[in-house]
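Have a look at the structure below before the remarks.
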């Protein structure tokens, strides 16, 4: 049974589109960097909510690692948290 599960997992992983995987990885990375910045400021979700003037639901979505951010929200998060999320060099 373990062998069959292992083969199934390998088969499923081989079907993942590299571009889609990159998108998922990037979303997870951004969420992690936001969480780390919040932790370094000793902030809770409510603190970020107030600073960003948004809802707690929105903060939870951002921290889920699955949210598709807008450039506007990323720039605002950079300012509020004093972190870099975007590579602005050419």
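Every read-out reported here was derived from the displayed coordinates using simple, explicitly stated rules and does not represent laboratory data. Note that the coordinates shown come from a computational prediction; the quantities given were computed from them, not determined experimentally. Ideal geometry is used to build each Cβ from the backbone, glycine not excepted, and the neighbour counts take in all protein chains shown.
How high is the relative contact order of the chain, given as a whole-number percent (alpha carbon pairs under 8 Å, six or more residues apart)?
29 percent
At 7 Å along the Cα-to-beta-carbon direction for both residue 19 and residue 7, put a label point, then send me their distance in nm to one decimal.
3.2 nm
What's the exposure ranking of 43, 62, going from fewest to most Cβ atoms within 10 Å?
Listing 43, 62 from fewest to most nearby Cβ atoms yields 43, 62.
What do you get for the angle between helix 2-14 and the principal long axis of the chain? Use alpha-carbon atoms, 0 to 90 degrees, nearest ten.
Between helix and principal axis, roughly 60 degrees.
Sorting 90, 74 on the 10 Å Cβ count, fewest up front, what's the list?
Fewest-to-most Cβ neighbours within 10 Å comes out as 90, 74.
Candidates (1) 233; (2) 140; (3) 107; which is the computed volume of the Cα convex hull per residue in Å³?
Given (1) 233; (2) 140; (3) 107, the calculated one carries the label (2).
Please find the FRET efficiency linking residue 35 to residue 70, where r is the Cβ-Cβ separation and R0 is fixed at 25 Å, and quote it to the nearest 0.05.
E(calc), rounded to 0.05, equals 0.85.
On a C-alpha basis, how far is the centre of the stretch 2-46 from the centre of the stretch 47-90 in Å? Whole number, if you could?
17 Å
Helix-only mean residue ellipticity at 222 nm, the chain, DSSP H runs n ≥ 4 weighted -39,500 (n - 2.57), per residue, nearest 500. What is it?
Per the formula, -22000 deg cm²/dmol.
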